[in-house]
Amino acid sequence: MPRFLREYFNRNGVGLGSVMLGLVLFWTIGLIILPQLSMLDFSFRPNLPPPEIGGPKDVYTLENYKYLIFGPEGGSQDYNAVDLKVFYRTLIAAILVTLFNLMLCYPIAYYLAQTKGNHIRILALMLIIPYWINEILRAFALRIIFGETGVLNNLLVGAGVFDTPFDFIRNDIALYAGLGYAYILLMIFPIYNVIESLDRNQIEAARDMGASWTRIHRRVVIPYAKPGISSGCTMVFMLSAGALAAPQILGGPSSLWFTQLIYQQFNDNSDWPQGAAYAVVLLVTCILLVLALMRVFKVNMGDIGK
Amino acid sequence: MSAGVGVNLENLWIRFGDFVAVRDANVNINGGDFFSFLGPSGCGKTTILRAVSGFLEPSEGNVLIGGNNMKGIGPNKRPTALIFQNLALFPLMKVWENITFSMEIKGASAKERRKRADELLDMIALTGQGDKLPAELSGGQKQRVAIARALCAEPDVLLLDEPLSALDLKLRQHMRSELREIQKRVGITFIYITHDQGEALTMSDNVAVMRAGVIDQIGDGKTIYNDPSTAFAASFVGENNVFRGTVKKVIGNEVMINTNRSGDLMARISSNNVGKMKEGDDAMLFIRPEAFSLAPLGTQGDHFVTAEVHKEEFEGNVFNIFMEGEGGKEMKVSLPNLGQSFESHRGEPMTLEYDVHNAVALPAGVLATE
Ligand SMILES: Nc1ncnc2c1ncn2[C@@H]1O[C@H](COP(=O)(O)OP(=O)(O)OP(=O)(O)O)[C@@H](O)[C@H]1O
Ligand SMILES: [Mg+2]
């Protein structure tokens, strides 16, 4: 038995230790790894009616991946322009949502972490409580706010900013706002956690030496908060790219999110292998993107866990 | 004489809500001085320093640096550099980047900064260690880097908030003389904060003794030690034996005090209190351990004290003898080691004599409690 395992059992006892270990293994292997592996397996198989599954036609194939790139066999176009465009737009939009979120949440996290007093706890509560409401309801609430006869349009038209109501939905503004809002806590709290442990004297020392606020943030606070920033950005990016409810409810008619395509394959077309292939492509691309960015910004994997 | 930039505090009050942290402080610090604020924990030392560096606006009164009123001028615009109680080095910057951070702000090139960092590293005896991170340095080395970082900003006034408190005794003593050395070399004004009276006395040109937001006395080390102006200053700075009583008779600059336990004793009135002590006033008489000498047993008189010996401590050059004192406390007497022994006196009375000039009489007041 390796040493860390022996220590683990010594600390928790064999009984409790086995139960905890078993649960964790069941969770990671049974509920995460195995289903993902079966998705991966699906993605390499043709879509067959149930009687033919396991039959002679059930062989591994790259058809489903080819479909994403080249479209249907003998189709009119060289490439599957529609789906690829959605894929590419989803990634860009998820990156933009992440950046927008970071710009919004960093100051909030900094303020929460570096200010003392009771009003901070109230502020934090005000951020948390809306998340007790489920995601779908929150998205519909935003739809009401951004709708053609919604609160915002009434206000803006009433104030004379616009002559006719502005279509926030069709212009994807509602979608971005919804996605941005959906995950702010996941951005704020990792950053807040790190900045809270930053010694205030370091900020004052920099200030004392004549540093401007921008320089203090650039040279002292942000480098220190980097693990929190990368952890927050990773989560927000992954979740935005994989979001379904917000795009369904807040997206305009033209703006398909890649997850909606996956959903259609599984649900409307009953083409699980095709859906699985799309899902695998999205997952792998997101992971590679995150890893590449971590390299560029010199972030370690261990930092993400902070 | 005063080449450097002086600092003046004029009627300075600092309040936090209803709590008064600094009460009507008036201090004139000469340019080029090594000036210390000495006082127990929580007396408002850091608060004063923060008001000088600009992190805190006084509730009332003024801070003048080089004669200029600093009202409304932020910490980044004042000619001061602060060394924090916990140093506050930037953990993710290399030592040389830490030291030259103030130059980076002014837009100096990396080459210039490297060069200056090397000079300062030489000065603090850390040659060639510029590429380390602060976490890779020892406590004393971090200390010196913090000093170099502050000096690199070329401040007119260097503010030091108990910078040696985290170091062990040996290193602390070494750094004391090093700090004094650096101050003499750069010639700028140092304002130093400490609750360690030995530190304040050895390093400073002048010392302000503080108690609960009030400055009790300002003077050079000798004056504060020999001629304290309040009971607090007398009991906080150095060791002192106190005798409580009432004033029986005032004779010029001297006074006879009817003490609770040793009868009538004569003492010199502290310079600041001449003319302020009257017959019948509650008074305190302070005699330092080293001001006593041995007298024939049982001698009576207004500068003799007789008490029972509790124990003796041999310290090489002196014997410290602890005798029955006032209110359950022991009285400490230090006698030079002349080859004699006091071991046989344990449990027996002993008579001591002092020179009236070395006993200080003060109006009764709050004592420093250890
Ligand atoms: N921001 C603040 N708000 C309220 N009270 C404060 C604040 N800063 C300091 N105080 C109070 O002012 C008093 C003086 O504090 P200060 O930090 O100046 O003490 P100090 O003499 O530096 O003590 P130490 O030797 O322990 O560092 C303390 O009683 C402290 O509680
Ligand atoms: Mg302090």
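A few points about this structure:
- Flag for residue B:133 being over 22 Å from residue B:53 (Cβ atoms) and within 11 Å of chain A (Cβ to nearest Cβ): no
- Extreme residue, most open to solvent (accessible area, probe 1.4 Å), among residues of region B:253-271 that are outside any strand (DSSP E or B) and at pLDDT 90 or above: B:253
Each row is one residue, and each column tells you yes or no for (1) surrounded by 21 or more Cβ atoms within 10 Å (Cβ to Cβ); (2) within 14 Å of another protein chain (Cβ to nearest Cβ).
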| residue | (1), (2) |
| --- | --- |
| A:174 | yes, no |
| A:177 | no, no |
| A:183 | yes, no |
| A:189 | no, no |
| A:204 | no, yes |
| A:207 | yes, yes |
| A:215 | no, yes |
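- When the criteria are applied in full, residue B:106 meets the requirement of being surrounded by fewer than 20 Cβ atoms within 10 Å (Cβ to Cβ), closer than 30 Å to residue B:140 by Cβ and of a type outside the set (Gly, Ala, Ser).
- Residue pairs whose Cβ atoms lie under 8 Å apart, separated by 6 or more positions or on different chains, with the first residue in region B:13-31 and not assigned by the TED database to the domain that holds residue B:67 and the second within 9 Å of ligand 1 (Cβ to nearest atom), do not occur.
- Candidate set: region B:79-95, residues that are open to solvent by less than 30 Å² (accessible area, probe 1.4 Å) and more than 16 Å from ligand 2 (Cβ to nearest atom); chosen: the one farthest from residue B:37 (Cα to Cα): B:93
- Just one residue in the set B:137, B:171 is hydrophobic (A, V, I, L, M, F, W, C) and either closer than 30 Å to residue B:30 by Cβ or in contact with a Pro (Cβ under 7 Å, 6 or more places away or on another chain) (or both); that residue is B:171.
- Test: residue in region A:74-83 that is in a helix (DSSP H, G or I) and of a type outside the set (D, E, K, R): yes
- Taking residues in region A:75-96 that are under 13 Å from residue A:176 (Cα atoms) and of a type in the set (Gly, Ala, Ser), and partners anywhere that are modelled with pLDDT under 90 and open to solvent by 50 Å² or more (accessible area, probe 1.4 Å), the pairs with Cβ atoms closer than 9 Å and at least 6 places apart or on different chains are A:93/A:176.
- Answer residue from region B:1-60, given it is under 22 Å from residue B:366 (Cα atoms) and of a type in the set (Phe, Trp, Tyr) and is nearest to ligand 2 (Cβ to nearest atom) among those: B:37
- Subset of region B:18-41 [among the small types (Gly, Ala, Ser) and either within 16 Å of ligand 1 (Cβ to nearest atom) or open to solvent by less than 20 Å² (accessible area, probe 1.4 Å) (or both)]: B:21, B:25, B:31, B:36, B:39, B:41
- Restricting attention to region B:68-123, the residues being more than 14 Å from chain A (Cβ to nearest Cβ) and either part of a loop (DSSP other than H, G, I, E, B) or within 16 Å of ligand 1 (Cβ to nearest atom) (or both) number 3.
- Complete set of residues in region B:174-201 that are more than 14 Å from every other protein chain (Cβ to nearest Cβ) and within 16 Å of ligand 2 (Cβ to nearest atom): B:192, B:193, B:194, B:195, B:196, B:197, B:199, B:200
- Check on residue B:209, open to solvent by less than 10 Å² (accessible area, probe 1.4 Å), in contact with a strand residue (DSSP E or B) (Cβ under 9 Å, 6 or more places away or on another chain) and within 14 Å of chain A (Cβ to nearest Cβ): no
- Residue identified as surrounded by 17 or more Cβ atoms within 10 Å (Cβ to Cβ), under 17 Å from residue B:239 (Cβ atoms) and not assigned by the TED database to the domain that holds residue B:245 among B:291, B:307, B:368: B:368
- Test: residue in region A:236-248 that is over 26 Å from the mean Cα position of the chain (by Cα), surrounded by fewer than 20 Cβ atoms within 10 Å (Cβ to Cβ) and at negative phi: no
- Taking the criterion of being open to solvent by less than 10 Å² (accessible area, probe 1.4 Å), of a type in the set (A, V, I, L, M) and more than 13 Å from ligand 1 (Cβ to nearest atom), the residues of region B:147-168 that qualify are B:147, B:148, B:150, B:157, B:158.
- Boolean, residue B:197 is within 16 Å of ligand 1 (Cβ to nearest atom), at pLDDT below 90, open to solvent by 50 Å² or more (accessible area, probe 1.4 Å) and of a type outside the set (A, V, I, L, M, F, W, C): yes
- Of all the residues in region B:271-305, those that are touching a helix residue (DSSP H, G or I) at 6+ places or on another chain (Cβ under 6 Å) and among the polar types (S, T, N, Q) number 0.
- Condition broken by residue B:57, with the remaining ones in (1) within 12 Å of chain A (Cβ to nearest Cβ); (2) open to solvent by 10 Å² or more (accessible area, probe 1.4 Å) satisfied: (1)
- Residues in region A:259-294 that are open to solvent by 40 Å² or more (accessible area, probe 1.4 Å), within 14 Å of residue A:237 (Cα to Cα) and at pLDDT below 90: A:293 only.
- So residue B:236, is it outside the structural domain of residue B:29 (by the TED database) and within 16 Å of ligand 1 (Cβ to nearest atom): yes
- The set of residues from region A:31-61 being open to solvent by less than 60 Å² (accessible area, probe 1.4 Å) and not in a loop (DSSP other than H, G, I, E, B) comprises A:35, A:38, A:39, A:41, A:43.
- Condition met for residue B:70 (away from ligand 2 (no atom under 16 Å from the Cβ), crowded, with 16+ Cβ neighbours inside 10 Å and closer than 30 Å to residue B:118 by Cα): no
The values are calculated or read from the model by the stated rules, or taken from the named source; none is laboratory data. Bear in mind that the values here come from a model prediction, so they are computed numbers and not experimental data. Because the Cβ atoms are built from the backbone with ideal geometry, glycine has one as well, and the counts that use them run over all protein chains shown. Ligands, DNA and RNA are stripped out before the accessible areas are found, and what is left, the full protein with its side chains, is counted by its heavy atoms. Shrake-Rupley method; radii C 1.70, N 1.55, O 1.52, S 1.80 Å.
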